[in-house]
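The values are calculated or read from the model by the stated rules, or taken from the named source; none is laboratory data. None of the values given here were measured: they were computed from a predicted structure. Glycine also receives a Cβ, built like all others from the backbone with ideal geometry; neighbour counts cover every protein chain displayed.
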Amino acid sequence: MVVQTPGSQSSLHRANLERVVRAVRLAGSLTQAEIARSTGLSAATVSNIVRELQESGTVSVTPTSAGGRRARAVSLSGDAGIVIGVDFGHTHLRVAIGNLAHQVLAEESEPIDVDASAAEGLDRAEDLVKRLLADTGAPAEKTVGVGLGVPGPIDVETGALGSTAILPGWAGTNPREDLAERLGVPVYVDNDANLGALGELVWGAGRGAKDLAYIKVASGVGAGLVINGQIYRGPGGTAGEIGHITLDESGPVCRCGNRGCLETFTAGRYILGLLAASHGPDLTVERMVQLAREGDPGCRRVIADVGRHIGSGVASLCNLLNPSRVVLGGDLAEAGELVLDPISESVSRYAIPSAARQLTLVSGALGSRAGVLGALALVLSEMGDTSVLDGAAPSQVAAFT
């Protein structure tokens, strides 16, 4: 018989506290019954822990209802710390300020030329972050971390940006270290597709899914992969490069040097050229989608063709990873069924029938906000729980996905 010592009882209590805090931060808000189900703790234990956490100011508890019955919703205290999301797109910079209760306090976007130097882009990001902090009245010293998204491959160990034709002025830089030095807080960096997946998983069309793929079609084509509730990056950080699946070995030369990659048939800079003669050189993907929804036959044909090509890539993902849900992001997602139906047709044709039957295909719910909300989620998922329970300084406070 094992005798529990006071020390081991204390460790067990501590572990139970951390389990409850982690469950709440993963979901944002849970009833006590939901906490008990997700942690495996008894209802009485959860009730005692929630009361203790509430008295310490770690969580807030509000009345709610669940299944027609009165319940109490538990969430991390909103004043425990601030998280910041920074998202660089090919033509924009977006920044969001949030708190530990999953509330977005401020958000702003501005146009930017990402072909400029990394230093110039980070200067703009630093200025926008400081302005939004001032606008919200959030003390900068309460910032627990910054999530940073860039449209390029990231070395998962060093945070350095790899070689990329999309951000030529950034190749070889370390935006994580540069921004951390500017703001004086930890910075976590990832590519835009992974952050889109995180954003949709936590706040959007991916909620409730354990396995999903987020396909972003923009200046490039990438996929953020979620396996068992976690982003899968691969050992080198390049998992999800769906844009470089070969569709035609005799096709156009891709920026990666190969021919006929999926990206050469689907990315905006390629498909808009198909409509230049009939719609002019200034056509954008957003405008193309709008015209297609209004019935323009040329735009509808191009979107349908793109959908079938994307579907070929999605079918490969289904055969390899068998995700339960695929979320389409980027401007093209606004086309709705005009692009989703052709994707489904290709998946039905090329995917293993059992994988195709289990797949749900949807447009993203967050639109252009997916990346910056994913950047917030990145901070919240990368930080631990210990400092919340210890009452540490805000710069060390844990956060949640």
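Of note:
- Index of the failed condition, residue 60 passing every other in (1) within 25 Å of residue 199 (Cα to Cα); (2) in a helix (DSSP H, G or I); (3) more than 25 Å from the chain's Cα centre (by Cα): (2)
- Within the option set 381, 354, being assigned by TED's automatic domain parsing to the domain that holds residue 226, modelled with pLDDT under 95 and either assigned to a helix (DSSP H, G or I) or among the basic types (Lys, Arg) (or both) holds for one residue only, 354.
- Residue within the stretch 62-82 that is touching a His at 6+ places or on another chain (Cβ under 7 Å) and in contact (Cβ under 8 Å) with a residue 60 or more places away in the chain present: no
- Unique match (being in the same structural domain as residue 262 (by TED's automatic domain parsing) and under 14 Å from residue 211 (Cα atoms)) among 325, 308: 325
- Within the stretch 72-99, considering residues that are under 19 Å from the mean Cα position of the chain (by Cα) and among the aliphatic types (A, V, I, L, M), the one modelled with the lowest pLDDT: 82
- Look at (1) within 15 Å of residue 375 (Cβ to Cβ); (2) assigned by TED's automatic domain parsing to the domain that holds residue 32; (3) of a type in the set (Lys, Arg) and you find that residue 69 fails only one, number (1).
- Unique residue being in contact with a strand residue (DSSP E or B) (Cβ under 7 Å, 6 or more places away or on another chain) and either surrounded by 24 or more Cβ atoms within 10 Å (Cβ to Cβ) or within 20 Å of residue 343 (Cβ to Cβ) (or both) when the list is 220, 149, 199, 204: 149
- Among the candidates 306, 327, 314, residue that is within 20 Å of residue 274 (Cβ to Cβ) and either among the aliphatic types (A, V, I, L, M) or touching an Asp or Glu at 6+ places or on another chain (Cβ under 8 Å) (or both): 306
- Whichever residue in the stretch 208-227 is touching an Asp or Glu at 6+ places or on another chain (Cβ under 8 Å) and outside any strand (DSSP E or B) and, among such residues, is modelled with the lowest pLDDT: 220
- Of the residues making up the stretch 275-299, those that are in contact (Cβ under 8 Å) with a residue 24 or more places away in the chain and buried (at least 18 other Cβ atoms within 10 Å of the Cβ) number 5.
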